[in-house]
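Worksheet: one structure, shown below.
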Amino acid sequence: REGDDVTEWSFDLPVDERYAPYAYATQSDILTGDCVDQLVIRHGTKNSNSDSHDDHRSDIHPYDGIFRPPYGLNLAQASLLLQCHTSPTEWKITLRNVDPARLTLSQMRFDLQSALVDPDSRVLVNYDRKALGQLGGGHFSPLGAYHAPTDSFLIMDVAKYKYPPVWVGVETLWE
């Protein structure tokens, strides 16, 4: 980001002809580049006992968590993806795994509420679509708001083509 006025922030999003004239980032936009290829998408990790990089050999353990099973990004890869597209001097990326054995419901609620009121913070949640009655598996979406009377958080960008933003009870999000 550049400055404290959000209207002055610059993200240089591409204009895909499908969405023209609006700038809109697609997966093909953010999953490209040397940084992403080297840090996020790992192809054919070589076993230390071999000098070959041939993915068909048994001593090669290929890993491509985006395009091969189990598909998608884990939290560490999501953090690296964000690092590839942001400036480390302007953005600090912090991962927080919500493990009910290590983080109480109250602490998670407090942490998310605190981040939502902090003008320099953004929150992405990784949740299981099935817990919300949706098709699919894990999904990353930005958190937009907290509603105290219903003790729920607003998950944005669920899937613009089939699911609208959704209010999710804090207990469902925690689990």
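The values are calculated or read from the model by the stated rules, or taken from the named source; none is laboratory data. Fair warning: this is a prediction, and the values are worked out from it, not measured in the lab. Every residue, glycine as well, gets a Cβ built from its backbone with ideal geometry; the counts of neighbours run over all protein chains shown. Heads up: the accessible areas ignore ligands, DNA and RNA and are worked out on the full protein's heavy atoms, side chains in. Shrake-Rupley method; radii C 1.70, N 1.55, O 1.52, S 1.80 Å.
So what is the relative contact order of the range 92-147, in percent, for Cα pairs below 8 Å that sit 6 or more residues apart? All intermediate terms of the calculation are to be shown ahead of the outcome.
Numbers: 43 pairs, mean separation 14.3, N = 56.
Value for the range 92-147: 25 percent.
As a test of reading the structure, rank F140, F110, F153 by solvent-accessible area (1.4 Å probe, protein chains only), most first.
F110, F140, F153
In the full protein assembly as shown, how much of H85 is accessible to a 1.4 Å probe, in Å² to the nearest 10?
Near enough 100 Å² of accessible area.
Counting only other residues whose beta carbon sits under 12 Å from that of S152, what net charge do I get with K and R as +1, D and E as -1? Mind dumping the intermediate values first?
Values: positive: R109; negative: D151, E171.
With Lys, Arg at +1 and Asp, Glu at -1, the neighbours total -1.
List the relative contact order of the range 107-175 as a percent without decimals, with contacts defined as Cα pairs under 8 Å and 6+ residues apart.
With pairs under 8 Å counted, the relative contact order is 22 percent.
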